[in-house]
Amino acid sequence: MHIPDGFLSPQTYLPAYAAAGVAWAWAARGLRRTLDEETVPRLAAMTALAYGLGLVMVPIPGGTSGHALGVAMLALLFGVRLAFLAYSLVLLLQSLLFGAGGITALAVNALAMGLAGSAAAVLTFRGLRRLNETAAVALAAWASVVLPGLLVALALGVQPLIAHKEDGTPLFFPFGLSITLPAVLLPHFFIGAGEAVLTVLVWRFARARRWCSPLPLAGEGPGEEGS
């Protein structure tokens, strides 16, 4: 799902960096009060797991690949802010060390996967937790994969419309929404199901050790404090 360098036009990634800068500043507010001696090692362990999951690429039709994110478990355990910051770091390291994703596309990737993915997880969990907690966690994880997939497909699919030569030839990513939406979304429906199973297992592990206790019904972890 990582967008590499060269696929996005400056008309896309420059505004995305501006938006991401505002979002990173928001997420970092009160960070010192949030990170304590118990939260830091737990966050580091979950971030490392998310980092590893993002490097396990699953081949999908069309010559590309997808992967689990791990952002739902970060968001459900630590809140949207810490999840967004942690996953932004994951994306930066994967880009620099392994070429998974690009530096110009970092802001789009971070907003789609780190911010939208974690927000989708928390909001889904918040809405469904009273009905069934396990199902809420599973659907939260599924949503945290599918929504970023949709945003990535949209970001790629609009490139021929916003960056092209006078004759209409695309300057960057050449395929439109009619191709990117099914090509990205359909495989990630299934990847999201796998992510749901993994996230439920991690959630149960964390709950058994009271890593996420007390977790408010609003679905906010410690990362939501200090605003």
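The values are calculated or read from the model by the stated rules, or taken from the named source; none is laboratory data. On a predicted model such as this, the values are computed, not experimentally measured, just so you know. No Cβ is skipped: glycine too gets one built from the backbone with ideal geometry, and neighbour counts run over all protein chains shown. Each accessible area value is taken on the protein alone, full model and side chains, heavy atoms only, with ligands, DNA and RNA left out. Shrake-Rupley method; radii C 1.70, N 1.55, O 1.52, S 1.80 Å.
Using a 1.4 angstrom probe and counting only protein chains, how large is the accessible area of H164 in Å², to 10?
Solvent-accessible area, nearest 10 Å²: 90 Å².
Tell me, what is the percent relative contact order of the chain, built from C-alpha pairs under 8 Å that lie six or more residues apart?
For the chain, the relative contact order is 28 percent.
Measure out, as a whole number of angstrom, how far apart the alpha-carbon centroids of the stretch 68-87 and the stretch 2-28 sit.
If you average the Cα positions of each part, the centres end up 18 Å apart.
Between the helical axis of 117-128 and the dominant principal axis of the chain, each derived from Cα atoms, what acute angle in degrees is found, rounded to the nearest 10?
That works out to roughly 50 degrees.
Accessible area per residue of the chain at 1.4 Å probe, in Å²?
46
Short version: ³J(HN,Hα) in whole Hz for each residue of the stretch 194-202, in order, from phi by Karplus 6.51 cos²θ - 1.76 cosθ + 1.60 (θ = phi - 60°), x for Gly and Pro, what are they?
x, 4, 4, 4, 4, 5, 4, 5, 5
If you filter the stretch 96-188 for trypsin sites (Lys or Arg not before Pro), then keep DSSP loop positions with at most 10 other Cβ within 10 Å, what is left?
When the trypsin sites (Lys or Arg not before Pro) of the stretch 96-188 are filtered for loop state and at most 10 Cβ neighbours within 10 Å, R130, K165 remain.
Just to check I understand the Karplus step: with θ = phi - 60° and J = 6.51 cos²θ - 1.76 cosθ + 1.60, what whole-Hz values come out for the stretch 99-107, glycine and proline as x?
Taking θ as phi minus 60°, the curve returns x, 8, x, x, 6, 5, 8, 4, 5 Hz for the stretch 99-107.
Residues with amide H under 5 Å of H164's amide H, sequence separation 5 or more or different chain, H placed in the peptide plane at 1.01 Å from N; which?
Amide H neighbours of H164: L171.
In degrees, nearest 10, range 0 to 90: what is the angle between the Cα axis of helix 10-28 and the longest Cα principal axis of the chain?
The helix 10-28 is inclined about 10 degrees to the chain.
What's the FRET efficiency of T134 with D36 using the Cβ-Cβ distance as r and R₀ = 35 Å, to the nearest 0.05?
About 0.80, to the nearest 0.05.
Just want the answer: with Cβ charges of +1 for Lys and Arg and -1 for Asp and Glu, which residue in A100, H2, G30 is farthest toward the dipole's positive end in the chain?
Result: G30, furthest along the dipole toward the positive end.
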